[in-house]
Amino acid sequence: MRTRALVLAASGAVALSALAVPTAQAAEPAGPDVTFSQLKVNGGKNIVVGPTTQVTVSATYTVTKPANLDPNSIKTGPVLYQGTLSLDNERVLGGDGPGTCTVSSSTVLKCSAKIQFRPKSSDPDADLPNNAAGTWKLGAVAVKDGITLQGDLGSTHLQRKAALTTDASPEPVTKGKTITVTGKLSRANWDTNKYAGYATQPVKLQFKKKGATTWSTLKTIKSSSTGALKTTTKATADGYFRYVFAGTTTTSAVNSSADYIDVR
């Protein structure tokens, strides 16, 4: 897996894993004496990435520092990681540059940063492979001579974007006759930059009567090995059908567009 494992060096973002040092050289300078809190990435929402388009999310966080530490002398930023946050962990995703901080008091900085997520591209360092989808922990890094890392600041889900379709037929249909509702559940494949069927997932079929404001769930079915959906129901009244997928840790929730049926 190729990930952007970053720290915020003075020259910009560089690979965090590249800064790992052999045991014999472990006596590196200590990082700045700071702590992080109130880290929020993407407003606390899941991060959803489609098959091709780069997604940029915002992060906000607070830095607490000694009063005599010049805020302009340190670079800080958020990171996402799996496993343990360390210099030699390759499963770390960081910002594409240092965060921007404003002085709240002599010991507190209020900061913001951007993090980019890029599906597979011609740049190997920009690849976001399918196996990156899932739960990521939140942490932060500070750089001044040495490196300070702080983990366990929360978590988020990095998800492959889902797509869902619905087609009810025949239309129009006689009241009491059978309606067949087909569709397909797909999700972004970051390795191929396309959508691919999402197999054996529970999907709800919902109906909303013409003029109504709420949807009712008629049944739950599972997508086929190719993501295809197909079921039947009885025509009772004019209205709309849609499929609804609740999502998983790796894949976003999605509602299909509604398909109207004229019952006569």
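The values are calculated or read from the model by the stated rules, or taken from the named source; none is laboratory data. Fair warning: this is a prediction, and the values are worked out from it, not measured in the lab. Surface areas here come from the heavy atoms of the whole protein model, side chains and all, with no ligands, DNA or RNA. Shrake-Rupley method; radii C 1.70, N 1.55, O 1.52, S 1.80 Å.
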What is the gain in length, in nm to one decimal, between THR102 and GLN38 on full extension, counting 0.36 nm per residue of separation less the C-alpha to C-alpha distance?
21.5 nm
Check which residues have an amide H placed less than 5 Å from THR236's amide H, if you skip close sequence neighbours.
GLY176
Net lengthening on full extension, LYS194/ALA228 (0.36 nm per residue, minus Cα-Cα)
10.6 nm
Would you compute the Debye intensity of segment 161-219 from its alpha-carbon atoms alone, equal scatterers and no solvent, and pass along log10 I(q)/I(0) at q = 0.27 Å⁻¹ to two decimals?
-1.20
Protein chains only, probe 1.4 Å: how do GLU171, GLU90 rank by accessible area, largest first?
GLU90, GLU171
For the chain, what does the relative contact order come out to in percent, with C-alpha contacts under 8 Å and a separation of six or more?
19
Could you tell me which of the pairs LYS110/LYS137; LYS40/LYS194; LYS184/LYS222 are separated by over 18 angstrom between their Cα atoms in the structure shown?
LYS110/LYS137; LYS40/LYS194
Surface accessible to a 1.4 Å probe, per residue, for the residues of the chain, Å²:
49
Rank ASN46, ASN68, ASN131 by mean-square fluctuation in a GNM of the chain with C-alpha springs under 10 angstrom and give only the top-ranked residue.
ASN68
Using the eigenvalues of the Cα gyration tensor, what equivalent ellipsoid semi-axes result for the chain when each is taken as the square root of five times the eigenvalue, whole Å, largest first?
49, 19, 13
³J(HN,Hα), Karplus 6.51/-1.76/1.60, whole Hz, each residue of segment 178-188, x for Gly, Pro
7, 10, 9, 10, 10, x, 8, 9, 10, 8, 4
Applied in sequence order to segment 257-263, the curve 6.51 cos²θ - 1.76 cosθ + 1.60 (Karplus, θ = phi - 60°) yields integer Hz couplings, x standing for Gly and Pro, of 5, 7, 10, 7, 10, 8, 9
Expected vector for segment 96-110, Karplus 3J(HN,Hα) from phi with 6.51, -1.76, 1.60 and θ = phi - 60°, integer Hz, x for Gly and Pro, equals 8, x, x, x, 9, 10, 10, 7, 8, 7, 5, 10, 10, 10, 9
Roughly to the nearest percent, how much of the accessible area of segment 121-264 is carbon and sulfur, given a 1.4 Å probe?
48
